[in-house]
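Read the structure below first, then the notes.
The values are calculated or read from the model by the stated rules, or taken from the named source; none is laboratory data. For clarity, every value in this text was computed on a predicted model and none was experimentally measured. When we count neighbours, we look across all protein chains shown, and the Cβ atoms used for this are built from the backbone with ideal geometry, even at glycine.
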Amino acid sequence: MDDGGSKATQELFSLLYNDLRRLAHARLQRNEPLTLLDTTSLVHETFLRVLKSGRVEVSERPRFMAYAAQVMRSVIVDSVRRRHAERRGGDGMRVPLDSAAESVPAAEEEVLRVSEALDELAEVDQRLVKIVEMRYFGGFTDEDIAEALGVNERTVRRDWQKARLLLSLALQ
């Protein structure tokens, strides 16, 4: 990257840093032991992935933050999956299945199950997935979600109810 691009990236990061920190903190606060990530590392990893994707479009802040919430979901799920792979013996010794299953924290299992259910839900309705990502993984309010998606708050609440119903069925 040239010097001008690097400077622009630094300015962008500075402008969005506090918003991204709030987003990351809201997500990690609910399930602190969920990953080995802290707020700062989640923000940095998210920003690096956003830059790497080439989809840095901040002309519309709500849409950017919605995309950042989606990327945070990916970072968190990847972190949990990596820890599960390590537990399953990436480089370690073999452990019988019954004792390995007991060592997986319930919160991690929940994140993986929700992520898999969201992948299934994406085949039905992509907007429902975005709402769940922003609310569950990003801690967004109905107002923030409505602004990001260009719909009204009533639609967000109705879609949230629908998404919760479909996810509860998928998670049974």
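Side notes on the structure shown:
- Yes/no for Ala24 being modelled with pLDDT of 75 or more and of a type in the set (A, V, I, L, M): yes
- Val43 closer than 21 Å to Ala122 by Cα and at pLDDT 80 or above: no
- Looking only at region 46-69, and only at residues there that are part of a helix (DSSP H, G or I) and among the polar types (S, T, N, Q), the one that is modelled with the lowest pLDDT: Ser53
- Residue that is surrounded by the most Cβ atoms within 10 Å (Cβ to Cβ) [pool: residues in region 70-107 that are at pLDDT below 80 and under 24 Å from Leu165 (Cβ atoms)]: Ala107
- Matching residues, region 135-162, being small (Gly, Ala, Ser), more than 19 Å from Gln29 (Cα to Cα) and in contact (Cβ under 8 Å) with a residue 60 or more places away in the chain: Ala148
- The combined condition, being within 26 Å of His25 (Cβ to Cβ), buried (at least 19 other Cβ atoms within 10 Å of the Cβ) and over 15 Å from the mean Cα position of the chain (by Cα), is not fulfilled by Val132.
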